[in-house]
Amino acid sequence: MEERSLKKGLRILAVAIIAALAAPAYSQTVNPPAASAQGETPELRVAAFITPPSVMEQNGTLTGFSVDLWNAIATRLKVKTSYQIVPDVSHLEEALRSKNADLTLGLFITSARDEVFDFSIPTLQTGLQIMVRDTGEKAQTANPLSDLLRLLFSRTTLLWLGMAILIVLIPAHVIWLLDRRQEDSMLSNRNYFPGIFEVIYWGLSSLTSQAQTMPRHWVARALSIFWMFTSVVFVALYTAQLTTTLTVEQIRGAIEGPGDLPGKQVATLANSTAVDYLRAQNAQVQEFATTDQMFKALQDKKVDAVVSAAPVLLYYAAHEGKGRVKTVGPEFNTAPAAIMVQLDSPLRRKINVALIALRENGTYQQIYDKWFGNP
């Protein structure tokens, strides 16, 4: 009896010891990573994508508008920040979806993202813009020979040349059929070959200058007079078309605004809001993982233009791309950008409160002016 009571007491003691040892481990498991030990500053994991001037890396340190703004928010929230640089936009969403990050910086608010994530109040209101190669300097030192060759082998010239061949062949065959039976025919050889070539040559000479001879058959002669009048009109129209094409190219670029994007090769960031917009405009979209790849495609003439967030393009055009690229047209498809957090995250309200406070005390405006204000 006493032995049984002793064993029972030992079992109870063992269970109590195991429970006491397991309690701290369970406490660490259920608490989120940011909730460190009492008295220790919590840390938030922030996923970011390098897109100057929003997020930039200089001398091993992150900077930029979104980084400076978040650092000001983190100071008010009294939290530390652990930045995670991801390769592209899709990895930002995946970092939140897999709960490997607590928030992301500076993404556009879209209906698709709003279904699975939460957003702070907008941190920036901006739109898309177009960037093209700056050919201003090249135009001043243009080679007349290259311009002439480009016009001669342009789509317009080839189209008009095809029309000229077609309208020469039809009357040439009619005149050959009528004039070959005349005793004093202008044909030196009445057979189809090479007689038809003589008439084609006559037709082309009429088209470009003035025919030296005339058919003898009265119907063929009447047709020739009508053909000569047609030739004058044809050459005048072709000359006007070439002049118009050359003038338009000198006055304006091939792309000046959103209305010029259909059919053009346009680069943009993969999985960005610009992709859907460009496809809706029937542009030939090429998606790139990084801004550097996107800008290189424009410089290498693999695309006609780049479409992305206006601050990104304006910053590049004023720094690395200065003198080589330029932005054209107004901003369009304007939308708000904000800090994205996990769905129903308590961070959302805290971030909003901090943002409002930063706007009220002027800190937000100082950060904005630093990156987007006039020099």
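The values are calculated or read from the model by the stated rules, or taken from the named source; none is laboratory data. What you see is a predicted model; the values in this text were computed from it and never measured. Neighbour counts run over all protein chains shown; Cβ positions are idealised from the backbone, glycine included.
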Item to check | All positions within the stretch 88-102 that are over 25 Å from residue 292 (Cβ atoms) and of a type outside the set (Asp, Glu) | outcome: 97, 98, 99
Next on the checklist: Here is a check on your reading of the model: is residue 312 touching a strand residue (DSSP E or B) at 6+ places or on another chain (Cβ under 7 Å) and not in a helix (DSSP H, G or I)?
Outcome noted: no
Checklist entry - Looking at this structure, is residue 305 farther than 26 Å from residue 69 by Cα, among the small types (Gly, Ala, Ser), in contact with a Lys or Arg (Cβ under 9 Å, 6 or more places away or on another chain) and in contact (Cβ under 8 Å) with a residue 12 or more places away in the chain? => result yes
Next on the checklist: Any residue at all in the stretch 42-55 that's more than 22 Å from residue 364 (Cβ to Cβ), outside any strand (DSSP E or B) and at pLDDT 75 or above?
Outcome noted: yes
Item to check | Matching residues in the stretch 319-349 - criterion: being touching a Leu at 6+ places or on another chain (Cβ under 6 Å) and not aliphatic (A, V, I, L, M) | outcome: 327, 332, 333, 342
Checklist entry - Can you tell me which residues in the stretch 252-311 are of a type in the set (D, E, K, R) and either more than 12 Å from residue 131 (Cα to Cα) or crowded, with 16+ Cβ neighbours inside 10 Å (or both)? => result 252, 260, 264, 276, 279, 287, 292, 296, 300, 301, 302, 304
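Yes/no per residue for (1) surrounded by 15 or more Cβ atoms within 10 Å (Cβ to Cβ); (2) within 30 Å of residue 328 (Cβ to Cβ); (3) of a type in the set (Ser, Thr, Tyr); (4) at pLDDT 95 or above:
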site: 32; (1), (2), (3), (4): no, no, no, no
site: 74; (1), (2), (3), (4): yes, no, no, yes
site: 99; (1), (2), (3), (4): no, no, no, no
site: 141; (1), (2), (3), (4): no, yes, yes, no
Next on the checklist: Tell me yes or no: at least one residue of the stretch 115-134 is farther than 30 Å from residue 267 by Cβ, modelled with pLDDT under 70 and not hydroxyl-bearing (Ser, Thr, Tyr).
Outcome noted: no
Checklist entry - Of these, 327, 247, which one is polar (S, T, N, Q) and at pLDDT below 90? => result 247
Next on the checklist: Restricting to the stretch 320-369, and then to whatever is basic (Lys, Arg), outside the structural domain of residue 81 (by TED's automatic domain parsing) and touching a residue at least 40 places away in the same chain (Cβ under 8 Å), can you tell me which residue is surrounded by the fewest Cβ atoms within 10 Å (Cβ to Cβ)?
Outcome noted: 324
Item to check | In the stretch 319-352, the residues that are among the β-branched types (Val, Ile, Thr) and out of contact with any helix residue (DSSP H, G or I) (no Cβ under 8 Å at 6 or more places or on another chain) | outcome: 328, 334
Checklist entry - Could you say whether any residue in the stretch 262-272 is closer than 30 Å to residue 45 by Cα and assigned to a helix (DSSP H, G or I)? => result no
